[in-house]
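> Shown below is the structure under consideration.
The values are calculated or read from the model by the stated rules, or taken from the named source; none is laboratory data. The model shown is predicted, which means the values in this text are computed figures rather than measured ones. Because the Cβ atoms are built from the backbone with ideal geometry, glycine has one as well, and the counts that use them run over all protein chains shown. Accessible surface areas use protein heavy atoms only, side chains included; no ligands, DNA or RNA. Shrake-Rupley method; radii C 1.70, N 1.55, O 1.52, S 1.80 Å.
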Amino acid sequence: MRTILRPLSLTALAAVLAAALPAADPADELRMNQIQCLGTHNSYKQAIDPSLWQLLDQANPGRFKGLEYSHRSLTEQLDHGLRKLEIDVVYDPEGGRYAKPLGLKMVADAGLPAGPAYDPEGLMLGPGLKVIHVPDIDFRTNVYTFQAALAELKRWSDAHPRHLPIAILMNAKDRSIERPGFVPLLPFDKEAYDAWDAEIRKGLGADKLITPDDVRGSHATLEEAVLAHDWPKLGWARGRFLFVLDEHGDKMETYIEGHPSLRGRVMFANAEEGRPEAAFRVVNNPVNDFDKIQSLVRAGYMVRTRADADTREARSGETARQEKAFASGAQYVSTDYWEPNPAFGTGYKAELPGGGEGRWNPVAGPENPPSAKP
């Protein structure tokens, strides 16, 4: 007997398709500024070589103790659940400017044991932005070039497509150490900033970015969108990165120039409230500026603050600043110690309350969250 297959009704077809598709996450309908995440400060940084540290501390006892921290690779940090990174860059359009750190010569001249080979693949010789904390002194890094950092971020993001939006704070390093032998740093002019934006677009692609244009939408200015609490929905923001230029004064103004409300720019700017470019604020001290941070977050801005600084909390074990940072509602809280430094003996580390990659914001989060975690 021949079996006759009858076409499914529209109702039955819809049921089949619904069963085949993953259930929608109600958290995706909330806004990306309604979360809170933990991240790292100077996320690329490795420790200063022991021999160089010995020379620096002998010349200036105690002066460099604020640099006594380091981080694992960007991938390991992201695997741990950290969702805010910070990357410093220097401008190197011709290549090779930062390829031979003075610190290596200082160690050799002193006859002290050398550290591991620096830049064994010669990446510092090519043109493009380089990732360094303090050229010639604090130059050890988990990733030499900005393009290499972006490639690592993209690989990880592609493998975790529903990760919470990751903020990348960036500093434009251009202050030279005015002493013999130290490399002169190049200024960040409009050409340098245009190249910076181009590197981000090239390294990640538009589908991985959250830009000022995305947030502003149909609003007249970026700040107008922010004050209307019109940040993109979490579902759209998952799997993406937002970059923030953590500068002020002439460096910030140069980036904004010709781009009112940051039109066409890739990065947000740390512009003060009241300006058309204001959206993301960097407020470093959650103890002194606790009320200010809460006010900014309630108004609609996104804020980054610090749980610890200059190794003070890690050496003392105090957590008061960390507790204020999380209670302030800042969407991104930065630490140098997501894992303890055994040398300090305090066990200090910063942890997001409740763990995981993020939690609902204690100030701007939903009153009745649809899920335990965003």
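> Specify which of the listed residues (312, 321, 306) is closer than 30 Å to residue 65 by Cα and free of Cβ contacts under 8 Å to residues at least 12 places away in the same chain.
The conditions single out 312.
> Output the residue which, of all residues in segment 353-366 that are touching a helix residue (DSSP H, G or I) at 6+ places or on another chain (Cβ under 7 Å) and part of a loop (DSSP other than H, G, I, E, B), is most open to solvent (accessible area, probe 1.4 Å).
Checking each candidate, the answer is 362.
> Continuing with the same structure: Can you find even one residue in segment 110-127 that is out of contact with any Leu (no Cβ under 7 Å at 6 or more places or on another chain), within 23 Å of residue 196 (Cβ to Cβ) and without any contact (Cβ under 8 Å) to a residue 24 or more places away in the chain?
Within segment 110-127, one or more residues are out of contact with any Leu (no Cβ under 7 Å at 6 or more places or on another chain), within 23 Å of residue 196 (Cβ to Cβ) and without any contact (Cβ under 8 Å) to a residue 24 or more places away in the chain.
Residue by residue, here is whether (1) buried (at least 17 other Cβ atoms within 10 Å of the Cβ); (2) outside any helix (DSSP H, G or I) holds:
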site	(1), (2)
104	yes, no
108	no, no
115	yes, yes
120	no, yes
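> Considering (1) of a type outside the set (A, V, I, L, M); (2) exposed (fewer than 15 other Cβ atoms within 10 Å of the Cβ); (3) touching a residue at least 12 places away in the same chain (Cβ under 8 Å); (4) touching a Phe, Trp or Tyr at 6+ places or on another chain (Cβ under 8 Å), say which one residue 212 fails and leave the rest.
(2)
> Oh, and also: On the basis of being assigned to a loop (DSSP other than H, G, I, E, B), of a type in the set (Gly, Ala, Ser) and either in contact with a helix residue (DSSP H, G or I) (Cβ under 7 Å, 6 or more places away or on another chain) or more than 17 Å from residue 39 (Cβ to Cβ) (or both), does residue 350 make the cut?
Taking the combined requirement at face value, the residue satisfies it.
> While we're on this one: Determine if segment 90-109 includes at least one residue that is within 20 Å of the chain's Cα centre (by Cα) and β-branched (Val, Ile, Thr).
Checked segment 90-109: at least one residue is within 20 Å of the chain's Cα centre (by Cα) and β-branched (Val, Ile, Thr).
Residue-by-condition table, conditions (1) more than 30 Å from residue 363 (Cβ to Cβ); (2) free of Cβ contacts under 8 Å to residues at least 40 places away in the same chain; (3) touching a helix residue (DSSP H, G or I) at 6+ places or on another chain (Cβ under 6 Å); (4) surrounded by fewer than 21 Cβ atoms within 10 Å (Cβ to Cβ):
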| position | (1), (2), (3), (4) |
| --- | --- |
| 39 | no, no, no, no |
| 52 | yes, no, yes, no |
| 63 | yes, yes, no, yes |
| 78 | no, no, yes, no |
| 84 | no, no, no, no |
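> Among (1) assigned to a loop (DSSP other than H, G, I, E, B); (2) closer than 30 Å to residue 135 by Cα, where does residue 195 come up short?
So residue 195 meets the others, but not (1).
> Still on this structure, please answer the following. Look at residue 194 and say whether it is among the acidic types (Asp, Glu), closer than 20 Å to residue 33 by Cα and free of Cβ contacts under 8 Å to residues at least 24 places away in the same chain.
In short, no.
> So, in segment 176-208, of the ones that are modelled with pLDDT of 95 or more and among the basic types (Lys, Arg), which residue ends up least open to solvent (accessible area, probe 1.4 Å)?
Within segment 176-208, the match that is least open to solvent (accessible area, probe 1.4 Å) is 208.
> Based on this model, can you work out whether residue 225 counts as in contact with a Lys or Arg (Cβ under 6 Å, 6 or more places away or on another chain) and of a type outside the set (Lys, Arg)?
yes
> Follow-up question, since we're still on this one. Go through segment 144-167 and report how many residues are open to solvent by 10 Å² or more (accessible area, probe 1.4 Å), touching a helix residue (DSSP H, G or I) at 6+ places or on another chain (Cβ under 7 Å) and in a loop (DSSP other than H, G, I, E, B).
Residues meeting the conditions: 1.
> Let me ask something else about it. Here's a check for you: in segment 112-155, which residue that is of a type in the set (Asp, Glu) and more than 16 Å from the chain's Cα centre (by Cα) is nearest to residue 336 (Cα to Cα)?
138
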